[in-house]
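A quick write-up on the structure given underneath.
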Amino acid sequence: MAWDPVDAAKAQLARLRRTLRSIDARDAKVATGAACVGLGLGMLMAGARDRRALRRLTAVVKTAEADADAARRTAARDVAEAKRFGAQKVAASFFGVADSLALARQSSADTAAYDALDAQLHAALAANNVTPFAPEPGEAFDPATMEALRALSPPSGPPVVAEVLQRGYTMHDRVVRAAAVVTRDAEESSSSS
């Protein structure tokens with residue numbers, strides 16, 4: 001079987017794609033350039049017998065360059081996301097501590113020490129762009145930021161918050177932990193007023 005430059009280029013492109021998945025984005029441009037040089041040498045060896053093969057090979061090289069550029073952009077976006085939300089797991093480990101502290105403050109007569117600890121904990125979380133939020137009773141239930149743990153009445157309309165069981169937390173406007181709430185029917189709250 002005769003050596004086909006297009007098949008060789010496709011094989012080289014497949015090797016390049018496998019390599020791009022495993023290398024750093026900064027090295028992708030170097031790898032693409034090396035592949036293009038290799039493809040060009042292959043064309044010289046073939047003597048450029050067929051213009052159609054040359055056009056197909058050029059398209060393969062352009063595809064490889066576009067793939068390398070897309071891999072570089074994806075890697076840069078992933079690195080930026082990792083830097084922005086890297087502290088999310090660490091912050092989430094403190095939410096249980098904050099909840100326990102709030103419960104201890106409620107059951108103790110002397111709340112000054114608990115208030116100081118709570119302020120320090122939330123200052124540390126705020127330094128990592130983590131902010132607590134608690135919906136107000138009567139506020140419309142939002143499933144994107146709240147988790148309904150129980151309902152006081154069967155829903156016949158849009159639910160509203162009856163009680164907040166746990167605060168929610170956001171990090172850079174992303175909900176890290178939804179607020180745990182008890183809901184009731186909105187019509188129930190307006191008829192009892």
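Only residues that are without any contact (Cβ under 8 Å) to a residue 40 or more places away in the chain and either open to solvent by 70 Å² or more (accessible area, probe 1.4 Å) or in contact with a strand residue (DSSP E or B) (Cβ under 7 Å, 6 or more places away or on another chain) (or both) were counted in segment 116-130, giving 4.
Scan segment 156-166 for residues that are surrounded by 15 or more Cβ atoms within 10 Å (Cβ to Cβ) and out of contact with any Gly (no Cβ under 9 Å at 6 or more places or on another chain) and jot them down. Hits for segment 156-166 are Pro159, Val164, Gln166.
Checked against the criterion of being assigned to a helix (DSSP H, G or I), within 30 Å of Arg184 (Cα to Cα) and in contact with a Leu (Cβ under 7 Å, 6 or more places away or on another chain), segment 102-117 contains not a single residue that satisfies it. Quick check, is Ala148 aliphatic (A, V, I, L, M), within 25 Å of the chain's Cα centre (by Cα) and part of a strand (DSSP E or B)? When the stated conditions are applied, Ala148 passes them. Among the residues of segment 126-145, is there at least one that is closer than 15 Å to Phe95 by Cα and touching a Pro at 6+ places or on another chain (Cβ under 7 Å)? Within segment 126-145 (the criterion being closer than 15 Å to Phe95 by Cα and touching a Pro at 6+ places or on another chain (Cβ under 7 Å)), the answer is no, since none of the residues qualifies. For Ala98, the conditions (1) out of contact with any strand residue (DSSP E or B) (no Cβ under 9 Å at 6 or more places or on another chain); (2) in a helix (DSSP H, G or I) all hold with the exception of (1). Annotation: Ala25 fulfils all but one of (1) surrounded by 13 or more Cβ atoms within 10 Å (Cβ to Cβ); (2) closer than 30 Å to Asn128 by Cβ; (3) at pLDDT 60 or above; the unmet one is (3).
The values are calculated or read from the model by the stated rules, or taken from the named source; none is laboratory data. Computed from a prediction, not measured in an experiment: that's the story for all the values here. Counting neighbours? That spans all protein chains shown, and the Cβs are built from the backbone with ideal geometry, glycine included. Just the protein is used for accessible areas: all its heavy atoms, side chains included, with ligands, DNA and RNA removed. Shrake-Rupley method; radii C 1.70, N 1.55, O 1.52, S 1.80 Å.
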